1. Failed condition for residue 59, given (1) touching a strand residue (DSSP E or B) at 6+ places or on another chain (Cβ under 6 Å); (2) at pLDDT below 90, with all others met?
2. Regarding residue 50, is this residue at pLDDT 85 or above and more than 22 Å from residue 6 (Cα to Cα)?
3. List, please: which pairs have Cβ atoms under 6 Å, are six or more places apart or on different chains, and start with a residue in segment 1-24 that is assigned by TED's automatic domain parsing to the domain that holds residue 39 and in a loop (DSSP other than H, G, I, E, B) and end with one that is at pLDDT 75 or above and surrounded by 10 or more Cβ atoms within 10 Å (Cβ to Cβ)?
4. Look through segment 42-70, keep the residues that are touching a residue at least 24 places away in the same chain (Cβ under 8 Å) and assigned to a loop (DSSP other than H, G, I, E, B), and return whichever of them is farthest from residue 106 (Cα to Cα).
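The values are calculated or read from the model by the stated rules, or taken from the named source; none is laboratory data. Quick caveat, the model's predicted, so the values are computed rather than measured. No Cβ is skipped: glycine too gets one built from the backbone with ideal geometry, and neighbour counts run over all protein chains shown.
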């Protein structure tokens with residue numbers, strides 16, 4: 001998992017006083033960028049008819065696979081070519097500051113689409 005996503009989830013779950021360890025067990029459901037809960041919470045929302053209301057508020061988008069990243073939402077970094085290391089004559093090898101710890105950057109083709117629906 002991308003470290004920025006992990007940090008974001010930690011901030012979301014840490015804001016709640018419940019045990020962080022138990023909250024990070026999968027599945028975790030977000031609707032419209034808002035944390036809804038795990039399997040049990042989603043089941044309860046479905047049973048009382050609230051889940052349908054939450055989902056109906058979401059904008060409709062056509063399902064498709066991004067031509068650039070194949071639906072993975074990340075691509076290899078153009079600066080370090082996915083190695084997470086860059087070389088300069090003066091400093092030698094250094095950690096690339098453009099990409100994440102896996103040598104990947106968010107796909108610029110589908111970033112806006114996913115972010116606008118979050």
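1. All conditions are met except number (1).
2. Yes.
3. If the second residue must be at pLDDT 75 or above and surrounded by 10 or more Cβ atoms within 10 Å (Cβ to Cβ), the pairs left are 2/100.
4. 57
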